[in-house]
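Take a look at the structure set out below.
The values are calculated or read from the model by the stated rules, or taken from the named source; none is laboratory data. Note that the structure is predicted; figures quoted are calculated from it, not measured. Glycine gets a Cβ as well: all are built from the backbone with ideal geometry, and neighbour counts include every protein chain shown. What goes into the accessible areas is simple: the full protein's heavy atoms, side chains included, and nothing from ligands, DNA or RNA. Shrake-Rupley method; radii C 1.70, N 1.55, O 1.52, S 1.80 Å.
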Amino acid sequence: MKPIKVGLLGLGTVGSGTFNVLKRNQEEIMRRAGRAIEITMVAVRNVERAKEIVKGDVEIVTDGNLVVNHPDIDIVVELIGGNDIAKDLVLKAIANGKHVVTANKALIAKHGNEVFKAAQDKGVMVAFEAAVAGGIPIIKALREGLTANRIQWIAGIINGTTNFILSEMRDKGLDFATVLKQAQALGYAEADPTFDIEGIDAAHKLTIMASIAFGIPTQFDKAYIEGITKLEATDIEYAEQLGYRIKLLGITKRSEAGIELRVHPTLIPEKRLIANVEGAMNAVLVQGDAVGATLYYGKGAGSEPTASSVIADVVDITRLATADPEHRVPYLAFQPNALSDLKVLPISEVFTSYYLRMRVEDKPGVLADVTKILAEFSISIDAMLQKEPAEGESRTDIIMLTHQTQEKNVDAAITRIEALASVTGKVTKLRLEELS
Ligand code: HSE
């Protein structure tokens, strides 16, 4: 069989990894794919740099249109990122009847429905394993390995930069700004790390996983997103004293009311395996009704880990290229005409447990006032911590963990608590998941 021809858009960290791994393991990959896979064209910004990476019969161009319009290219691998040029080139590649592999989480999370529709109309495949959790084959696991299950929920550490920051804050007692500078110096965080630290990158990945797990269209705009920029070292410390770690989790759950789709700092019991995922690593915990809990752990970024996922997609497409489109695995795991319209719930309708920290006067009746308000909103307290006031201080911190309740109840109770004369300033609210 003649080799399958691949054109790369972008030859940065992931592109060069893809090139190197494909070359290094070409014999083994060919034995798996049943056909040789050749990168024959790359579109790059910096031709000189590209020449150092690709040697041999690879055409280097600076215009991606030349790749997506080339009649000999079977698979276009998009590794540019972002929504503008990348989206345009992916849609052109599809219109030209090419299969597409992409690591572009923003593109799939925001424009997935449009991209899949175009691909379905043309009978081509779009694969995106590398878009979620780098080298961890979580898309394959959700879409195929767990296909027998009614998936109940997913909770993932799906941003390495923020996990590194939180690990360092906890381990060394440092504040957010100090560790962010370290993360940037180490090359974990981007020079503009907003997407990482504000939770947007994690929300892109979560949106994709939710669609595949529950068979719903991609709905990034409905995700609730809260990053780690406002998280205080004090809360990491108090959480630890109560037996919890704080992680930036992407959580998606199915209930009768709808789908929860949320990214936020979350307390999780320190005894859970996922609570012990440290540094820049990723992990995704999936609860299925038949299988129970399964945990997927590995590198969520980096040149060759991400290339591992890109090449897995290229091999999948190579194997299925001659199959009828209707015999291939659907883009979002469910047949396109069988997607569900289950609504994504606003955060006010989410049910979870809470960590509340408030600064109060250390005098009789204060605790009673606070617990009375919580009781009025049917919020049950699970655990409590009160510190002795510091020398010469009349105020102290009270930390409460609640049982499950609805977010709008907690918000209403907090408004009332903050109005108490004995409570100073704002109540800090964090969400807590037992993940059991
Ligand atoms: N910026 C991402 C992270 C890596 O920190 O996990 C690529 O998705």
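With respect to the numbered conditions (1) more than 12 Å from Thr266 (Cβ to Cβ); (2) in contact with a strand residue (DSSP E or B) (Cβ under 8 Å, 6 or more places away or on another chain); (3) β-branched (Val, Ile, Thr), which one is the sole condition not fulfilled by Ile246?
All conditions pass for Ile246, except number (1).
Which residue is most open to solvent (accessible area, probe 1.4 Å), if the candidates are limited to region 126-162 and must be part of a loop (DSSP other than H, G, I, E, B) and in contact with a Phe, Trp or Tyr (Cβ under 8 Å, 6 or more places away or on another chain)?
The qualifying residue most open to solvent (accessible area, probe 1.4 Å) is Pro137.
Among the residues of region 37-57, is there at least one that is under 22 Å from Thr322 (Cα atoms) and in contact with a Pro (Cβ under 8 Å, 6 or more places away or on another chain)?
Yes, region 37-57 contains at least one residue that is under 22 Å from Thr322 (Cα atoms) and in contact with a Pro (Cβ under 8 Å, 6 or more places away or on another chain).
So if I check each of Ala189, Ala213, which one is crowded, with 22+ Cβ neighbours inside 10 Å, among the aliphatic types (A, V, I, L, M) and more than 15 Å from the ligand (Cβ to nearest atom)?
Unique residue meeting the criteria: Ala213.
Out of the residues in region 302-352 meeting the condition of being at pLDDT below 95 and in contact with a Ser or Thr (Cβ under 8 Å, 6 or more places away or on another chain), tell me which one is nearest to Ile158 (Cα to Cα).
Only one residue fits best here, namely Gly302.
Give me the residue from region 145-165 that is within 12 Å of the ligand (Cβ to nearest atom) and of a type in the set (A, V, I, L, M) and, out of that set, nearest to Ser436 (Cα to Cα).
Ile157
Could you run through region 166-186 and say how many residues are within 16 Å of the ligand (Cβ to nearest atom), touching a helix residue (DSSP H, G or I) at 6+ places or on another chain (Cβ under 7 Å) and open to solvent by 10 Å² or more (accessible area, probe 1.4 Å)?
Residues meeting the conditions: 4.
Those residues that are assigned to a loop (DSSP other than H, G, I, E, B), surrounded by fewer than 22 Cβ atoms within 10 Å (Cβ to Cβ) and in contact with a helix residue (DSSP H, G or I) (Cβ under 8 Å, 6 or more places away or on another chain), I need them from region 75-86; list them, please.
Gly81, Gly82, Asn83
For region 292-327, how many residues meet the condition of being in contact with a helix residue (DSSP H, G or I) (Cβ under 9 Å, 6 or more places away or on another chain), more than 16 Å from the ligand (Cβ to nearest atom) and in a loop (DSSP other than H, G, I, E, B)?
Number of matching residues: 0.
From the list Gly156, Gly215, Gly145, which one is closer than 23 Å to Leu295 by Cβ and free of Cβ contacts under 8 Å to residues at least 40 places away in the same chain?
Numbers: Gly156 fails: free of Cβ contacts under 8 Å to residues at least 40 places away in the same chain; Gly215 fails: free of Cβ contacts under 8 Å to residues at least 40 places away in the same chain.
Selected residue: Gly145, the only one of Gly156, Gly215, Gly145 that is closer than 23 Å to Leu295 by Cβ and free of Cβ contacts under 8 Å to residues at least 40 places away in the same chain.
Can you tell me which residues in region 25-47 are part of a helix (DSSP H, G or I) and touching a helix residue (DSSP H, G or I) at 6+ places or on another chain (Cβ under 9 Å)?
Once the filter is applied, which keeps residues that are part of a helix (DSSP H, G or I) and touching a helix residue (DSSP H, G or I) at 6+ places or on another chain (Cβ under 9 Å), region 25-47 yields Ile29, Arg32, Ala33.
Tell me which residues, restricted to region 192-210, are more than 10 Å from the ligand (Cβ to nearest atom) and open to solvent by 70 Å² or more (accessible area, probe 1.4 Å).
Asp192
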